[in-house]
Amino acid sequence: MTTVRGPLPRPDYADLSPYSPDRRPVKVDLSDNTNLWGTHPEALATIRCAGDDALARYPALYADELKASIAARHSVSVGQVTTGCGSDDVLDSLWRALAEDGGSVRFAAPTFSMVEPLSHMNGRVAQPVAWSEALAEPERLFDGGPTLVYICRPNNPTGFLAPREWVDRVLALAKTDGPVLLFDEAYADFAGESLIPVVADHPRAMVVRTLSKAYGLAGLRVGYGVGHTDLVAEVEKSRGPYKVSRLAEAAACAALDDVSGWVDATVAECIRNRTRLLAALDARNARPLPSAANFVLLPVAPGTAVETAHALRRLEVAVRPFPDCPDVGDAVRVTVGPWPLMERFLAAWDTR
Ligand SMILES: *Cc1c(COP(=O)(O)O)cnc(C)c1O
């Protein structure tokens, strides 16, 4: 067999690598911010009752039923909603549709770890601005004429909820020919507030959400974006057809209806446990950051994030290490779950 070698088609892909967090099995996994109370019961029931059609036939081209459920939940029109195979996919479509080829994407850092690779994969240049600087001077997010500005609210991994007054200042800086502002609300259910009512009629802003976290459906892969119809129409072009499977669409609609109130109940318990966990860490003289999400960021001694995560893993508890974060330094991120799991974490923390 002959091997054909030659220059790679995209030299800019040479230093990209596949996403590879440590996913080895562990007894207590507090590393990925999924819903540790399990999955949505009505979504699961819908999948169990699925008929042959669910697999044999293609799904709806652009997930119209799902869009209708999302539109109803947020009181927007169907034309203001786009969907995808997880919100990572929605972000990918957005990057292609709204960020110019070769253009820059500015974002408040530290933030969601996919922002840099997503930019790189799509031929855009990612430019971090430390949160402290972006908060003091929102204009910094617009330096150099980016085509996209990304803000995660509440922010992953810090749990920080950027104040509404600051968001209003950022929105006021958006010009008709300026960048599109993207607010990632993967954790908004735990913050109890959303920018959807604000962006729905804003010509240059969108909100992206996921069913992977509060809704307990990470394995199903469903995410969505809400914004002005003109922006959404562009994103739908880059999204392409058949992105949400039939099973995923039906289960997601059932979860969004949330007839049993499962989402509200687990979110409420998560918020109570977050307060308890922060207090328990304070009592140990650890200095966790306040959080509006379903996780807590815990700074550790400089240079010890990875080592701390390894030590906890040896005790069967997985957390996500964040070495050398802007504004924070080394830290580990701990997902908040049912209290017995938090006790397991605290015991491991004490003996590590
Ligand atoms: C988890 C997460 C996502 C990805 O969600 P999926 O819908 O599972 O792709 C998006 N944004 C942030 C900030 C996240 O933490």
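The values are calculated or read from the model by the stated rules, or taken from the named source; none is laboratory data. The shown structure was predicted, so the numbers you read here are calculated from the model rather than taken from an experiment. Here Cβ is always computed from backbone atoms with ideal geometry, including for glycine, and neighbour counts include all displayed protein chains. Only protein heavy atoms, including side chains, enter the accessible area calculation; ligands, DNA and RNA are left aside. Shrake-Rupley method; radii C 1.70, N 1.55, O 1.52, S 1.80 Å.
For the criterion of being touching a strand residue (DSSP E or B) at 6+ places or on another chain (Cβ under 9 Å) and part of a loop (DSSP other than H, G, I, E, B), Thr34 passes.
The residues of the stretch 259-274 that are under 16 Å from Ala292 (Cβ atoms), free of Cβ contacts under 8 Å to residues at least 12 places away in the same chain and open to solvent by less than 90 Å² (accessible area, probe 1.4 Å) amount to a single one, Ala268. Summed over the stretch 142-167, the residues that are more than 24 Å from Phe190 (Cβ to Cβ) and buried (at least 18 other Cβ atoms within 10 Å of the Cβ) give a count of 4. Taking residues in the stretch 155-169 that are at negative phi, and partners anywhere that are open to solvent by less than 10 Å² (accessible area, probe 1.4 Å) and part of a helix (DSSP H, G or I), the pairs with Cβ atoms closer than 8 Å and at least 6 places apart or on different chains are Trp166/Pro138; Arg169/Pro138.
Kindly evaluate Leu297 against the criterion of being touching a residue at least 12 places away in the same chain (Cβ under 8 Å) and either open to solvent by less than 50 Å² (accessible area, probe 1.4 Å) or under 25 Å from the mean Cα position of the chain (by Cα) (or both). The answer is yes for Leu297. Annotation: Ala286 fulfils all but one of (1) of a type in the set (Gly, Ala, Ser); (2) buried (at least 19 other Cβ atoms within 10 Å of the Cβ); (3) farther than 20 Å from Asp89 by Cβ; the unmet one is (2).
All conditions in (1) on the phi < 0 side of the Ramachandran plot; (2) in contact (Cβ under 8 Å) with a residue 24 or more places away in the chain hold for Ala63, with the sole exception of (1).
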